[in-house]
Amino acid sequence: MARKLPKLPVRSLVSVLILLAALVFAGHAMAQSDDTRPRLLFIVESDSRLPLVKALHVEYLDMLRFNDPRELELNRTFLVERYGGLGLDAVMVLGAHALSYVVANREAFAPGAPIVYGGFGEAGMMTALSGQTLPDVSGVISPFDFRSTLDLALTVQPDAPEIVVITGSARFDRQWRSAFTSVIADTYRDLPVRFLPEATADEYLAEARTLDPGAIVLLLSVNLDAEGRRFLPVQFAEALAEASAAPVWSLYETQIGKGIVGGTVEDLSSTGREIGKMLRTAIAGDPLAEPVKVTAVPTVDWRAMQRHGLDLGRLPKGSRILFYEPTLWEQYRVFLIAVAAVVAAQTATIFGLVFHRRRYFRTQASLDLERSQLIHVSRNLRLGQLSASLAHEINQPLAAIQANAEAGARIAGRTPPDLVEIGAIFQDINNDVRRAASTIANLRRLMVKGEVTMERLDLNEIVRATLALAQSELANSGVQVRQVLSPGPVEVSGNGPQLQQIVLNLVLNASEAMDGLPEAAKTLRVSTVFHPGGAATLTVEDAGPGIPPDQREEVFRPFVSSKPLGLGVGLAICRSIAAAHGGSLAFVDPEAAGARIVLTLPPGGART
Amino acid sequence: MSVVWLVDDDAAILRGLERLLNAEGFVTRCFQDAATFLDAHDPALAGCAVIDLGLRESSGLALQDRLAKDGGGRPVIFLTGQSSIPTAVQAMRAGAVDYLTKPVEADTLLAAIRSALELDHARRRQLSAERDVRALLASLTPRESEVLQEIVSGRLNKQIAHRLGAAEKTIKVHRGRVMQKMGVRSVAELVTLMSRLQDARSA
């Protein structure tokens, strides 16, 4: 209910009361025919600027302005003329003076009609009825209690230097002054109390501006200022709250929301509910209950509290906080949690993907590295296999050089030395040095480790260099090699050592495949073809037992080896090298017996 | 005059070795493969063979087999590029006089060749001595040969007569003929001569 209050278009005590009373009534009234509808008269002490529901009879006595006996008599005549014959079922009175007036004149315009009252406090009761209890007169007594409001203010502002009290110059306002000063003199709970003397509205506001921001301002009521300007108390409250440097406290709930910080005030919705209940009883003709005292509730305006930097945490338990603007978090908590969850999930997903991607790249990089290491290891294994024959390849020229050098030394020692022979010896030594150097260069090209670079190469040169390296090994195994190389260079783009590795593997595999054959049958054919499209093929054929068609893929699987000591990675690595060159490596149907494997490299070489 | 037979499939090495040996005064004959060498080989000529076992050990060892069979016991020095103990053992067991790893110091090779030639020389001397004894033995009659075996076995005339079923006087005559034909004056000399033959046979 509290939350809904600010949404009401009209905020005034009366309108709320009447609306509520009407609502309580509605169900009851509509069930009856026109003739039996209850007749109600609302008599309002104040003026008609308070908007009221039209369905009811409402009269505004405007007693604050027109309160001399002649005016009151005029009103009485009017009421008698207008309502005397209607047979009112009940009269609802707002205001203490109005109540005393109605009680005095009821028999003239509403004979026998019960009176329900509201809109004033204990003091008003004393004014109106002088403590009497009358039959058919009851209502709701509002708690206008400055002490409890001051207590609330002191709780919220424990360090306040003083209490400043303001009230106006109207009769009503002055009643507040006397009510207050009769209870509180110079101090309240050891705090100095300063009752501002009657002044003009502007003077009040000017004074309020200069106040210590920590002070407590208690606004009682200003209907009229010292120079005769009239106000609705709520108008003045709004102006004062805006001007004041210190928090302004009030006794009326209607003023909370206009800049007033708060007060211990009645909850108008419950007041209205009580009045409504009592009216129903009155209309039904049942005896009215005892007057109901509405309890005051500590109530604050959250916005005003914020403006003055007051701590909500100091409010007593059970306080009402009006105009609370929930933070985004409070207002949309579920939504925000959902959004946060979605964002978190997305973030997690993104991080997950990023992490996965990074791990993928890392794995890829390490795989590349491992593959290149594996390629290298596999190549070294193959070279290790060749080591004996390679050592021989280097040893032969060294042996020749040594023999020549020894012979040369002896020939040179003779008289006369055979210079022609010595010249021939030096020539031979030179040739043998070149021979050894080229073997080493060949070997080093194949053993190079590190960055794998792609360059333009002649596949024929690759074949020749590789066969030169393997030559001794092949000869030792009794294998006859036939090179059928494409005339002219076969240009490919690739990595020399890796391509040589393929050739070496294929050639040595072919040689090993023919191990059991008689020497005459051990023939190996290596051919290159440069195709018109630019693609190049290298074919290695042997005369061995061959590979059955259903095994031709199997042999490329890692760790599959037909050799007792084979690691089984050679062909797998060769194929991966071929793939890295954008090419392929596969066994095809042989022309005769034996195996035939073809390396195809794409036109213009490959990607890196 | 001794000949050093050089066999190596590497022409450069062959030429280098040939130069070295020629410079040292050896007569050489060079071959690049086993078949050509075997065709040209004359067991009657004194000398030794220096053979590169080559890459194909089987061919080197096979060549050694052939030489042992038909080569008249030609001393063989093996050169190898890749020394391996099993190969070396096999080569030595088959009668190689040396097994050298290339590249080989000239002095080592020359010393090996010289000792191989000496061996060949000694072998040839013995062979010729053997041939002489056999020629003398061939001049004996069957009866004289029988008597020779008995004498070498250390029997007396009386025992020999008894074993061969002849008169002691007849055996005495045969004995004189044997000693005369074999060109020895004492039984001791005869035994020495015969034992040389025995050695040659068992060698």
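The values are calculated or read from the model by the stated rules, or taken from the named source; none is laboratory data. Remember, predicted model here, so these are calculated numbers, not experimental data. Reconstructed Cβ throughout: ideal geometry from the backbone, glycine too, with neighbour counts over all protein chains shown. Calculation scope for accessible area: heavy atoms of the full protein, side chains included, ligands and nucleic acids excluded. Shrake-Rupley method; radii C 1.70, N 1.55, O 1.52, S 1.80 Å.
Would you mind listing how long the stretch B:139-202 runs along its three principal axes, going by Cα atoms, in whole Å with the largest first?
34, 21, 20
Average partner chain C-beta neighbours within 10 Å, per residue of B:100-108? List each step's numbers first, then the result.
Details: counts 0, 2, 8, 11, 4, 2, 7, 1, 0.
Mean number of neighbouring Cβ atoms from other chains: 4.
If you put +1 on each Lys and Arg Cβ and -1 on each Asp and Glu Cβ, how big is the dipole of the stretch A:347-601 around its Cα centre, in Debye rounded to 20? Intermediate values should be presented prior to the final figure.
Details: 24 positive and 24 negative charges, 194 e Å.
Once rounded to the nearest 20, the dipole reads 940 debye.
Can you give the Rg to Rh ratio of the stretch A:347-601, both from alpha-carbon atoms, with Rh computed by the Kirkwood formula?
Ratio of gyration radius to Kirkwood radius for the stretch A:347-601: 1.10.
Starting from the stretch A:424-485, pick out the GluC sites (Glu not before Pro) whose DSSP state is loop and whose Cβ has at most 12 other Cβ atoms within 10 Å. Working shown, then result.
On the way: sites: A:Glu451, A:Glu455, A:Glu461, A:Glu473; in loops: A:Glu451.
Answer by residue number: A:Glu451.
Just in the stretch B:87-159: which GluC sites (Glu not before Pro) are loop by DSSP and have at most 16 other Cβ atoms within 10 Å?
Passing sites in the stretch B:87-159 are B:Glu105.
Return the distance in nm (one decimal) between the two label points of a simple spin-label model at A:Phe361 and A:Ala348, each offset 7 Å from Cα along Cα→Cβ.
Taking the two extended label points, one gets 2.5 nm.
Sticking with the crude label model, points 7 Å out along Cα→Cβ, report the distance from B:Met92 to A:Asp202 in nm, one decimal please.
Distance between the two pseudo-spin positions: 13.7 nm.
Looking at the calculated P(r) for the stretch A:149-290, what percent of the C-alpha pair distances fall above 25 Å?
32 percent
In the stretch A:268-341, if every C-alpha pair distance is counted and binned at 5 Å from zero, what percent goes to each bin?
3, 12, 14, 12, 11, 11, 11, 9, 7, 6, 2, 1, 0
Just subtract the alpha-carbon distance of B:Leu45 and B:Arg66 from 0.36 nm times their residue separation and send over the number in nm, one decimal.
Working: separation 21, 0.36 × 21 = 7.56 nm, distance 1.65 nm.
Between B:Leu45 and B:Arg66, full extension yields an extra 5.9 nm.
Among rounded, prolate and oblate, which fits the stretch B:3-124 when a ≥ b ≥ c are the square roots of the eigenvalues of its C-alpha gyration tensor, a/c under 1.5 means rounded, and a/b larger than b/c means prolate?
rounded
With r as the distance between the Cβ atoms of A:Glu81 and A:Glu122 and R0 = 25 Å, compute the FRET efficiency 1/(1 + (r/R0)^6) and round to 0.05.
0.10
For the protein assembly as shown, give the share of DSSP beta bridges that are antiparallel, in percent and rounded to the nearest 5; count only bridges with both residues there.
35 percent
Roll a 1.4 Å probe over the protein chains and send me the accessible area per residue for the protein assembly as shown in Å².
50 Å²
For the stretch A:159-218, run through the trypsin sites (Lys or Arg not before Pro) and keep only the ones in DSSP coil with at most 13 other Cβ atoms within 10 Å of their Cβ.
Numbers: sites: A:Arg171, A:Arg174, A:Arg177, A:Arg189, A:Arg194, A:Arg209; in loops: A:Arg189.
Those that pass, being in a loop and sparsely packed, are A:Arg189.
Just how many % of Cα pairs in the protein assembly as shown lie over 53 Å apart, if you round to the nearest whole percent?
58 percent
Which value in nm describes the separation of the simple spin-label points at A:Asp136 and A:Gln306, placed 7 Å from the Cα toward the beta carbon?
Once both label points are built, they end up 5.3 nm from each other.
Nearest 10 degrees is fine. How inclined is helix B:142-152 to the longest principal axis of chain B, computing both from alpha carbons?
Rounded to the nearest ten degrees, it is 80.
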